[in-house]
Each structure stands twice: as structure tokens, then as C-alpha cells.
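I have placed the structure first, in the form of C-alpha cells, so that the comments after it can refer back to it.
What follows is calculated from the coordinates using simple rules that are stated; it is not laboratory data. Everything numeric here is computed off the predicted structure, so don't read it as measured data. Cβ atoms come from the backbone with ideal geometry, glycine included; neighbour counts cover every protein chain shown.
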Amino acid sequence: MALDLRLPMMVLIFINAALVIASNLLIMVSERKTEIGILKAVGSTRIQVVQMVLSEALLISIIGSLIGFIFFRMPAFFNQLTNEVDLQTLSGGVLRDLAMVLSVATVSSLVFGMLPALTMANLSVREVLQTE
């Protein structure tokens, strides 16, 4: 692939992944509406609900990013290793790429998870029980 297309492709892939995270979180949170209503009924605050949803989003995003990183970066690592590239250079590149993937996953899960978290935190117990 041409060098000038790598950055736009990478940005599009990360935007796509962030939108998938957001849609999955919206579905997950809407399915757990009753659970969140019960938590609010027993005294959970709005901030605790937001923290719960964001921590789940962060955990799912990091696990998915690690799995994707292992499946797609490690074959490239072994390919470069067979081409007699210095192991220290390869390790530095892998760690740099891992840090970038985890940081983008963390930021995107927190940014795109905020809407579902705030939506569920703003629900009242009465609204949840009326829909059941």
C-alpha cells in the first residue's frame, strides 16, 4: 500500500471501530435497562451508573484491541523476525504499536461510551418500571 494512504486508512479504521463500540454499548445498555433501574432504586447515584457503563466499555474495548493486536501484529512481527531485523528494533516497534492501539481504544471507548452512559444515568426508576 502506498505510504500516503496509510494515515487516512488508519483513521477510517479507528473511526469505524469507535462507532462499532458506541453501537454495541447502546445495545448493551438498553438491554440492561431494568438492572440499571434496580441499581438506581436501591440508591446508586448518576455518577456510579456512568462509571459502571464506562468501565465496562473500557474493559471490552481493551480486550478487543488486545485480541485484534495479537492476531494482526504478531504475524508481521514474525515475518520481520525471519527477515533478520534486529530483535530490539522489532520489540520497540511492537511496544510502540501496542501503546498506540491501547491509547486509541481507551480514548474512543470513553468518548463514544459517554452517550450511552449518560442516557442510562438520566433514566428515572419510574421510567424504567413503566416500560416493564
Scanning the chain for helices, which whole DSSP H stretches are 20 Å or more long along the axis (Cα) and average -0.5 or more by Kyte-Doolittle? 6-31, 46-82, 87-121
With runs of 4+ DSSP H residues as the only contributors, calculate the mean residue ellipticity of the chain at 222 nm using -39,500 (n - 2.57) per run, divided by the residue total and rounded to the nearest 500. -30500 deg cm²/dmol
When the chain is treated as a GNM, springs tying every alpha-carbon pair under 10 Å, which of Leu25, Leu110, Leu95 comes out with the largest mean-square fluctuation? Leu95
Could you calculate the FRET efficiency of Leu81 with Leu102 from 1/(1 + (r/R0)^6), where r is the beta carbon distance between them and R0 is 30 Å, rounded to 0.05? 0.85
Segment Lys33-Val111, extension gain: residue separation times 0.36 nm, minus the distance between their alpha carbons: 26.0 nm
Between Leu95 and Asn16, the two model label points (7 Å from Cα along the beta-carbon direction) sit apart by a distance in nm of 3.1 nm
Can you match Cα Rg over 2.2 N^0.38 Å to one of these, [x] 1.22; [y] 1.01; [z] 1.39, based on a calculation from the structure here? [z]
